[in-house]
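K.L.:
Please read through the structure below; I'll follow up with questions.
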Amino acid sequence: MTNVLLTFPEGKHKVLTASYDDGRTADRRLVRIFNEHGIKGTFHLNSGLAGGNDRLTLEEAAELYRGHEIAAHTVKHPTIARCAREQLVSEISEDRKALERIANYPVRGFSYPNGSFNREIKEILPYLGIEYARTVNSHGDFRMPDDLMEWNPTCHHNRNLLELTETFKQLKTRQHLYMLYVWGHSYEFDNDNSWELIERFCESAGGREDIWYATNMEIVEYLKGFKRLQFSAAMDFVYNPSYASIWLEAGGAIIEAKGGGMTSLV
C-alpha cells in the first residue's frame, strides 16, 4: 500500500501566516510591509468601532486588505466570556454582516477579543458561521492546529520573533508539516517604536521558495480540502471533490490531486 501524506501546495512542508487585530490605522504601514515581501495576513476587525479612535473606516479597510483576509472580532470588542448568550450571538453575527458588505465574501474567521473564551463559546461559534477562532495563547513552536476553535499561534511579535524565524527557516525534515503563526496589534509598533522588528522579520521570512504564504482561512480551507479527499481502499488513486488542488506526497513523489478529478497515486 502506498504511503500517502499531506503536503502544502507544490509539496512544501512549511507555511507562514500572520494575524493582526482591531483594524488600527497602523495597519496601513503593516500591510505595505507585508505586500513588499509577499507575507499574507488576516485582519480581525470590530465593525462597530471602525472610523473612530485611530481605527480604519470600513470603506478604507475594504481596499487596504485586498489580497489578505478580513475576519471578525465582534462588533465592539467585549470580553465575551462575561456576556450573555444573546449578546454573544449579536456581537458575532452583526460583525460578520457588516464586514461581509465590504469584503464581498463570507467572513468565517474570528479572533477572541481580549483573549476571552470558554467551552460554551467554542461550541456556539460553528452555528454562527465561524470556522476557526484564534486565541492569544502562544505556544512557541511550529505545530499545526489541533482544534480550530482554539487555534493557538506560535508567538506574539514581541516574543522571540526573529529567533523563532531563524529556527523555522532551518527546518528541513519532511516528517511533519510546520507553521509559523505570528499575531499582534499594529499600533504596538508605534507604541514600542519597533517597526524595524517587523521589517526585519518580513525581509528574513518573505520570498522563500520553501514556504507557503497563506491567510488563516486559506490554511483552514486547505486542511478541510484534504479531509474531503476520497481515497481508494488500496490507496492507489484518489478523487478530489473540491474545486482546489490538494498536494500529496505518495511513495516519496509529490502529486497534485486536482479539483474535480481522479488522480493516480502510483
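K.L.:
Of the listed values (1) 55; (2) 47; (3) 37, identify the label whose number matches percent of Cα pairs over 25 Å apart calculated from this model.
P.N.:
Label (2) holds the value from this structure.
K.L.:
Further, regarding this structure: Given H placed 1.01 Å from N in the peptide plane, which residues other than close sequence neighbours of residue 183 have an amide H under 5 Å from its amide H?
P.N.:
Under 5 Å from the amide H of residue 183 lie the amide H atoms of 19, 155, 156, 157, each far enough along the sequence or on another chain.
K.L.:
Cα extents of region 1-107 along the three principal axes, largest first, in whole Å?
P.N.:
53, 36, 24
K.L.:
With a ≥ b ≥ c taken as the square roots of the eigenvalues of the C-alpha gyration tensor of region 85-240, please select rounded if a/c is under 1.5 and otherwise prolate if a/b is larger than b/c or oblate if it is not?
P.N.:
Oblate is the answer for region 85-240, as a/c is 1.5 or above yet b/c matches or exceeds a/b.
K.L.:
While we're looking at this one, here's another question. When the chain is fully extended, how far beyond the present Cα-Cα distance does residue 93 get from residue 203, taking 0.36 nm per residue of separation?
P.N.:
35.9 nm
K.L.:
Same structure again: Report ³J(HN,Hα) in whole Hz for each residue of region 91-104, in order, from the Karplus equation J = 6.51 cos²θ - 1.76 cosθ + 1.60 where θ = phi - 60°; Gly and Pro get x.
P.N.:
4, 7, 5, 5, 5, 4, 4, 5, 6, 5, 5, 9, 7, 6
K.L.:
Could you tell me whether region 177-217 comes out rounded, prolate or oblate from its Cα gyration tensor? Rule is a ≥ b ≥ c as square roots of the eigenvalues, rounded for a/c under 1.5, then prolate if a/b exceeds b/c, otherwise oblate.
P.N.:
Verdict is oblate for region 177-217.
K.L.:
Can you give the helix-only mean residue ellipticity at 222 nm for the chain, where every DSSP H stretch with n ≥ 4 adds -39500 (n - 2.57) and the sum goes over all residues, rounded to the nearest 500 deg cm²/dmol?
P.N.:
-9000 deg cm²/dmol
K.L.:
Let me ask something else. Under 5 Å between amide hydrogens, which residues at least 5 positions from residue 41 or on another chain qualify, with H placed 1.01 Å from N in the peptide plane?
P.N.:
Counting only residues 5 or more places away or on other chains, the set is 69.
K.L.:
If you take every DSSP beta bridge whose two residues both sit in the chain, what share of them, in percent to the nearest 5, is antiparallel?
P.N.:
Here the antiparallel bridges make up roughly 40 percent for the chain.
K.L.:
For region 66-147, which trypsin sites (Lys or Arg not before Pro) are in a loop by DSSP, counting at most 11 other Cβ atoms within 10 Å?
P.N.:
Hits after loop and neighbour filter: 66.
Every number in this text was worked out from the coordinates using simple rules, so none of it is lab data. The model shown is predicted, which means the values in this text are computed figures rather than measured ones. Cβ sites come from the backbone with ideal geometry, for glycine too, and all protein chains shown count toward neighbours.
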